[in-house]
Each structure stands twice: as structure tokens, then as C-alpha cells.
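Here the structure is laid out as C-alpha cells; the discussion comes afterwards.
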Amino acid sequence: MMGETIKSWLFTVAYRVYIDYYRKHKRIVVKEQGFFATLFDKKKLLLDSLVTKEEMNEIVTLLDRLPDKHKYAVLLHDFHGLTQREAAE
């Protein structure tokens, strides 16, 4: 009976030592100032790309509503770099 009690106690001690060791070595020590900046930059890039995609979808929707000659003039000026006079012609 005494052997089982010691065995149980030893197992509990070993288990708690392991948990303490694991928790201590799992911690991340942030020493760089730029650590969080890179995380925020990635999040900002994702947000910017989503906004750009939504804006492009809105532009396409609005262009589809225009008559063809106006649509081509806008496309020639804004996307192909022609002057307003060249696009109008």
C-alpha cells in the first residue's frame, strides 16, 4: 500500500515539474521594437487590399451604367493615360 502512495506522489511531482518547465520555456520574450510593427503592417496591407478590391468592384459597376462612348472615354483617360481631349475624340 505504501508503494502505491509514493508512486502516486512521485508521478504528481514529476507532472507538475514538467508543466512548470513547459510554461517557462513556452514564453516569448519580445526584445525587438519592430516585432509588433510587422504584425500591424501585415494587417494594414490586408485591409488596404480589401478596400482596393471593393473600390474596383464599385468602379466597374458604375462604368457598366455609363453609355459606351462615355465608358470608353473614361477608360482611355484613366487607365490608358490619354489626355481628356484625346479620349473624347
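The values are calculated or read from the model by the stated rules, or taken from the named source; none is laboratory data. The structure presented is a predicted model; accordingly, all values stated were derived computationally and were not measured. Ideal geometry is used to build each Cβ from the backbone, glycine not excepted, and the neighbour counts take in all protein chains shown. SASA here: full protein model, heavy atoms, side chains in, ligands and nucleic acids out. Shrake-Rupley method; radii C 1.70, N 1.55, O 1.52, S 1.80 Å.
Among helices (runs of 4 or more DSSP H) entirely within the stretch 14-89, having at least 3 residues that are at pLDDT below 80, among the hydrophobic types (A, V, I, L, M, F, W, C) and open to solvent by less than 100 Å² (accessible area, probe 1.4 Å) singles out 35-65. Pairs linking a residue in the stretch 67-85 that is of a type outside the set (A, V, I, L, M, F, W, C) to a residue that is modelled with pLDDT under 85 and open to solvent by 90 Å² or more (accessible area, probe 1.4 Å), with Cβ atoms under 6 Å and 6 or more positions apart or on different chains, are 77/84.
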